[in-house]
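The structure appears right after this line, and notes come after that.
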Amino acid sequence: MVIKVFLASSSGSTAIKKKQQDVVGFLEALKVEYAQLDIACSEENRMWMRQNVPQEKKPSNGIPLPPQIFNEEGYCGDYETFFDAKEDNAVFAFLGLPPPPGSKEADQGGIVQNGTHAEETKAENVPVDDSIEVPVEERNGNSHSDEEQAADEEELAEEDEAMEEDEDMAEVEEAEQQEEEAVEETDEVTEETAPVEEEEEEEEQEEEDLQSEEEEEAEVQEEEEAE
């Protein structure tokens, strides 16, 4: 099973970058194999992420923000549910992976599915790994503010528009390139046919000159015979 983490490499949001670093850093600390899928450089990745995040997990505008985490095709959750699982020492259950034998999570027996904690999860304090950078507002237990969420969503929408404009520009450039190639081919054909046309004109002129000479000789001969 491959854990997929959808990220935005060119995001201008500091909050999103910190969340992405937190997720990736913690997975690496746990030695969990995962694949990073960039939605900023790939339209296919972006559309797949949006289509596979459950509707009830999407924000009001319907556009989920990175990071989003999947186990193969199955949705695990976003940063907030990942952070909750980390706080409860239930990241492996959150990811749908068996916890390593002898780990706190294996002993704890907590279960998290699709970002929802089961009733069996024990309510115990789990030390936070200070080596992993965590946003201050999350460390204090405060959720992402509505203003920041709106700003992130607006920024992501602007990135989408910019990507669409780049795609339109690429199509225009491709059409212009094809037009230039067509003009070049036409010029080449014209240059190739020009010498042939000149040769044909020269041959026609020679034939006309020869015919004129023959007519003049015939007239002279007729005059001589008449005399």
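So E56 fits all but one of (1) of a type outside the set (S, T, Y); (2) within 17 Å of the chain's Cα centre (by Cα); (3) within 21 Å of L95 (Cβ to Cβ); what number is the exception?
Every listed condition holds for E56 apart from (2).
State which residue is surrounded by the most Cβ atoms within 10 Å (Cβ to Cβ) when the search covers only segment 47-61 and only residues that are touching a residue at least 12 places away in the same chain (Cβ under 8 Å) and closer than 18 Å to E158 by Cβ.
Only one residue fits best here, namely M49.
What residue, of G74, G96, G102, is in contact with a Cys (Cβ under 7 Å, 6 or more places away or on another chain) and farther than 24 Å from E153 by Cβ?
Working: G74 fails: in contact with a Cys (Cβ under 7 Å, 6 or more places away or on another chain); G102 fails: in contact with a Cys (Cβ under 7 Å, 6 or more places away or on another chain).
Only one candidate passes the filter, namely G96.
Check off (1) more than 30 Å from A106 (Cα to Cα); (2) open to solvent by 60 Å² or more (accessible area, probe 1.4 Å); (3) without any contact (Cβ under 8 Å) to a residue 12 or more places away in the chain for E43 and give me the number that stays unchecked.
Result: E43 fails condition (3) only.
How many of the residues making up segment 1-60 are modelled with pLDDT under 95, touching a Gly at 6+ places or on another chain (Cβ under 9 Å) and under 24 Å from S103 (Cβ atoms)?
Total meeting the criteria: 1.
Mind checking which residues of segment 85-103 are within 34 Å of the chain's Cα centre (by Cα) and closer than 21 Å to E72 by Cα?
Scanning segment 85-103 gives A85, K86, A90, V91, F92, A93, F94, L95, G96, L97, P98, P99.
Here is a yes/no grid of residues against (1) exposed (fewer than 10 other Cβ atoms within 10 Å of the Cβ); (2) of a type in the set (K, R); (3) at pLDDT 80 or above; (4) in contact with a Phe, Trp or Tyr (Cβ under 7 Å, 6 or more places away or on another chain):
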{"site": "E179", "(1), (2), (3), (4)": "no, no, no, no"}
{"site": "E184", "(1), (2), (3), (4)": "no, no, no, no"}
{"site": "E191", "(1), (2), (3), (4)": "yes, no, no, no"}
{"site": "P195", "(1), (2), (3), (4)": "yes, no, no, no"}
{"site": "E200", "(1), (2), (3), (4)": "no, no, yes, no"}
{"site": "Q205", "(1), (2), (3), (4)": "no, no, yes, no"}
{"site": "L210", "(1), (2), (3), (4)": "no, no, yes, no"}
{"site": "Q221", "(1), (2), (3), (4)": "no, no, no, no"}
{"site": "E225", "(1), (2), (3), (4)": "yes, no, no, no"}
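For segment 1-26, name all the residues that are part of a helix (DSSP H, G or I) and either open to solvent by 50 Å² or more (accessible area, probe 1.4 Å) or touching a residue at least 60 places away in the same chain (Cβ under 8 Å) (or both).
T14, A15, I16, K17, K18, K19, Q21, D22, G25, F26, listed by residue number.
Pull out all pairs, ordered by first then second residue, where Cβ-Cβ is under 9 Å, the residues are six or more apart or on different chains, the first lies in segment 91-106 and is farther than 18 Å from E28 by Cβ, and the second is surrounded by 13 or more Cβ atoms within 10 Å (Cβ to Cβ) and among the acidic types (D, E).
A93/E105
The values are calculated or read from the model by the stated rules, or taken from the named source; none is laboratory data. Being a predicted model, the structure only gives us computed values, none of them experimental. For neighbour counting, all protein chains shown are included, and Cβ atoms are generated from backbone atoms with ideal geometry for every residue, glycine included. Remember, those area values only see protein heavy atoms, side chains included, never the ligands or the DNA or RNA. Shrake-Rupley method; radii C 1.70, N 1.55, O 1.52, S 1.80 Å.
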